[in-house]
Amino acid sequence: MVFSSHVFVFYFLPVLLLVYYNLPYRARNAFLTLMSYGFYAWWKPWFASLMLATTLVNYLCGQAIGAPGASRARRVPALVIACSASLGLLGFFKYYTFSVESLNSLLALFGSGALPVLRVTLPIGISFFTFHGLTYTIDLYRGDARPVRSFADFACFISMFPQLVAGPILRYHTVADQLACREHTVSRFASGVALFILGFAKKVLLANPMGEVADAVFGAAAPVALDAWAGVLAYAFQIYFDFCGYSDMAVGLGRMVGFEFMKNFDAPYRAENITDLWRRWHISLSTFLRDYLYIPLGGNRKGARRTYVNLAIVMLLGGLWHGAQWTFVAWGAYHGALLAYERWRGKTSVYHKLPRPCRIAITFVLMLFSWVLFRSESISAAGRYFAAMFGLGAAGGSGLLVGAELYTPKHVLLMGLCAALVFQPVQAFDWVQKPMSLRRVALLLPLFALCLAAMVTQAFNPFLYFQF
């Protein structure tokens, strides 16, 4: 089930809110957990068993780690078991097929026979609930979190449906007090509804149409240069409004049931260099990688050369986290190289003396190059797309103006609207912080009606980050 579906909007969410607010306070977490498992099992029921197994292992290991007076001899094995179980589960379902196919390619170079490949179904959002479990046991071991009050609270934390399948990545200690006691107010609920509507609009009114353009261009046999640039620009808008829209909806839904989640995007396309961009894009992931990988590797505390190596490792693994494919590894390597270069220059870019609009434009173009890697099916396909962008593609490209009629007034208008929105400073997350006035309600209600109309008429409605 996705947020931008009639099942969720017309059935799941109204039933959840109606029952939730008519239950005694002490029963609300259990009800959220039950509904969250139903939400997740909607795709495939057995996915829920994996999440339950992860929850049990991390809870039991957490009890051993956080027990009063627990010795190091007890705490360390418990942490190792929790991390091994979580990462082992993630590694098998996400990387087994990729690893065996890569090994078979290597064996073929030496004339050896191929190993059998087991086709493994990737559970939706496995990376997110795995990371949630990891943050609990690791923070508990470090002393940054207190042991959970009960298994029911922990199960609610892991399974909470707003952030279950695409984040933001939560840390237990940031919501521990809210699980125990949270305030439900009209103003918080209203801001949650407003943020959900704005995220919904980003998804169905902007991301989905841009996705149609991107898919057509990346699927074309020989796009001309103009088409190639239009396609990657459309994809940049699609992935931003898709994921930022989902994050806004997730935060809004959390507020509707009393939770406050972190802001996950901060106008990333207004960044002035790549270092700045990674402070703004998917903030919950970038801070997770910083605190649980970069700093434990030594961060910048072991000299300049080790710092560059650490940045490269973190971004390579960050790329691989997004998908078991060499294009994601290349995407991570690209960003790791840019971050290391800017670190070498003192966290500034080579173009830092240019006017601010120029710095933003250059950073955006650098990001567009990385989106080619991210979107392409293979390294060779990415190479052909780069060639097309610079007019070096295969002969015979006729352009989408004639071929697919994507340069229609609708698409051009929407692309202009996307550009205007991503380069302006006002963020939906911040806009809804102010009290809800009649003027804002008058704006949001027609927008929600328009979103519903678009939702029921659109056949194209993917959520990009569900695959991660």
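Observations, loosely collected:
- From the list L34, L13, the lone residue that is closer than 14 Å to F161 by Cα and in the same structural domain as A166 (by TED's automatic domain parsing) is L34.
- Any hit, region 183-205, residues being buried (at least 20 other Cβ atoms within 10 Å of the Cβ), at pLDDT below 90 and under 22 Å from V2 (Cβ atoms): no
- Filtered by the rule that a residue be among the polar types (S, T, N, Q) and under 13 Å from A48 (Cα atoms), region 108-130 gives a lone residue, T130.
- Of all the residues in region 301-334, those that are without any contact (Cβ under 8 Å) to a residue 12 or more places away in the chain and either part of a loop (DSSP other than H, G, I, E, B) or under 22 Å from I138 (Cα atoms) (or both) number 3.
- One residue alone among V251, V186 is free of Cβ contacts under 8 Å to residues at least 12 places away in the same chain and more than 30 Å from S376 (Cβ to Cβ), and that residue is V186.
- So A216, is it in contact with a Leu (Cβ under 8 Å, 6 or more places away or on another chain) and in contact (Cβ under 8 Å) with a residue 40 or more places away in the chain: yes
- Among the residues of region 268-283, those identified as touching a helix residue (DSSP H, G or I) at 6+ places or on another chain (Cβ under 6 Å) and outside any helix (DSSP H, G or I) are A271, E272, N273, W281.
- Search result, residues across region 11-48 that are of a type in the set (A, V, I, L, M) and either under 18 Å from F189 (Cβ atoms) or not in a helix (DSSP H, G or I) (or both): L13, V15, L16, L17, L18, V19, L23, L32, M35
- Of all the numbered requirements in (1) among the hydrophobic types (A, V, I, L, M, F, W, C); (2) touching a residue at least 12 places away in the same chain (Cβ under 8 Å); (3) surrounded by 16 or more Cβ atoms within 10 Å (Cβ to Cβ), A48 misses one, and that requirement is (2).
- Test: residue in region 286-305 that is in the same structural domain as F374 (by TED's automatic domain parsing), in contact with a Gly (Cβ under 7 Å, 6 or more places away or on another chain) and of a type outside the set (A, V, I, L, M, F, W, C): no
- Counted residues, region 364-404 - those being assigned to a loop (DSSP other than H, G, I, E, B) and either closer than 14 Å to I274 by Cα or modelled with pLDDT of 95 or more (or both): 0
- Any hit, region 92-103, residues being of a type in the set (A, V, I, L, M, F, W, C), free of Cβ contacts under 8 Å to residues at least 12 places away in the same chain and surrounded by 14 or more Cβ atoms within 10 Å (Cβ to Cβ): no
- Leading residue by the ranking (surrounded by the fewest Cβ atoms within 10 Å (Cβ to Cβ)) among those in region 249-290 that are more than 20 Å from R345 (Cβ to Cβ) and basic (K, R): K263
- Subset tally (residues that are out of contact with any Gly (no Cβ under 9 Å at 6 or more places or on another chain), assigned to a helix (DSSP H, G or I) and surrounded by 12 or more Cβ atoms within 10 Å (Cβ to Cβ)) for region 105-126: 1
Residues are listed down the side, and each one gets a yes or a no for (1) modelled with pLDDT of 95 or more; (2) of a type in the set (A, V, I, L, M, F, W, C); (3) within 21 Å of the chain's Cα centre (by Cα); (4) surrounded by 19 or more Cβ atoms within 10 Å (Cβ to Cβ):
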| residue | (1), (2), (3), (4) |
| --- | --- |
| L297 | no, yes, no, no |
| V314 | no, yes, yes, yes |
| Y341 | no, no, no, no |
| G346 | no, no, no, no |
| V350 | no, yes, no, no |
| I362 | yes, yes, no, no |
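- For region 54-73, the set of residues classified as surrounded by 13 or more Cβ atoms within 10 Å (Cβ to Cβ) and either small (G, A, S) or farther than 16 Å from V148 by Cβ (or both) consists of G62, A64, G66, A67, A70, listed by residue number.
The values are calculated or read from the model by the stated rules, or taken from the named source; none is laboratory data. This structure is a prediction, so every number in the text was calculated from the model and none was measured. Here the Cβ is made from the backbone with ideal geometry for all residues, glycine too, and neighbour counts use every protein chain on show.
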